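Down below is the structure, laid out as structure tokens.
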Amino acid sequence: MLGWKPIYENICLNGGDWIFERTNPKGPFVPGMTAEVKWQNGITWDAEISGADIKWRIESEECTPAIIPDGTPFVIWVHYPNNTTSTTDDYPWMRGRAYRTDMED
């Protein structure tokens, strides 16, 4: 498994947007790589990948963060292209649960 170990992390959600971004310190990601947050309730949030940056920007105006209940499990999957099999090699990057924090004005 290439030494890949998933990280356990909670995704904290409130009434606003969910923005998550990381830069790969080793440089650009493999061309054709994709990633997604897959929630146990069937919702999927696709990542945007550009060079060494991977990010999610889930807008509250779409009401998407609001439909993830507190405690919902998720896995962030990373999919690397496999040119030998014409499929992908899939690795869990993070596992965890939604942690709902409702903030009052």
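The values are calculated or read from the model by the stated rules, or taken from the named source; none is laboratory data. Here the structure is a predicted model, which is why all the values come from computation and not from measurement. Heads up, the Cβs are rebuilt from the backbone with ideal geometry, glycines too, and the neighbour counts pull from every protein chain shown. Accessible surface areas use protein heavy atoms only, side chains included; no ligands, DNA or RNA. Shrake-Rupley method; radii C 1.70, N 1.55, O 1.52, S 1.80 Å.
Return the pairs, sorted by first residue and then second, in which the second residue is open to solvent by 60 Å² or more (accessible area, probe 1.4 Å), the first residue lies in the range 40-56 and is of a type outside the set (Asp, Glu), the beta carbons are less than 6 Å apart, and the residues are 6+ apart or on different chains.
THR44/LYS38; GLY51/PRO28; ALA52/THR23; ALA52/PRO28; ILE54/ARG22; LYS55/GLU21; LYS55/GLU48
Taking only the range 27-78 into account, find how many residues are open to solvent by less than 40 Å² (accessible area, probe 1.4 Å), assigned to a strand (DSSP E or B) and touching a Ser or Thr at 6+ places or on another chain (Cβ under 6 Å).
3
Cβ-Cβ under 8 Å, sequence separation 6+ or interchain: first residue in the range 71-87 and without any contact (Cβ under 8 Å) to a residue 12 or more places away in the chain, partner outside any loop (DSSP other than H, G, I, E, B). Which pairs?
Listed pairs, sorted by first residue: ASN82/THR88; ASN82/ASP89.
When the residues of the range 6-26 are filtered to those that are of a type in the set (D, E, K, R) and in contact with a Lys or Arg (Cβ under 7 Å, 6 or more places away or on another chain), which remaining residue is most open to solvent (accessible area, probe 1.4 Å)?
My answer is GLU21.
Assess whether SER86 counts as being surrounded by 13 or more Cβ atoms within 10 Å (Cβ to Cβ) and of a type in the set (Gly, Ala, Ser).
Taking the combined requirement at face value, the residue does not satisfy it.
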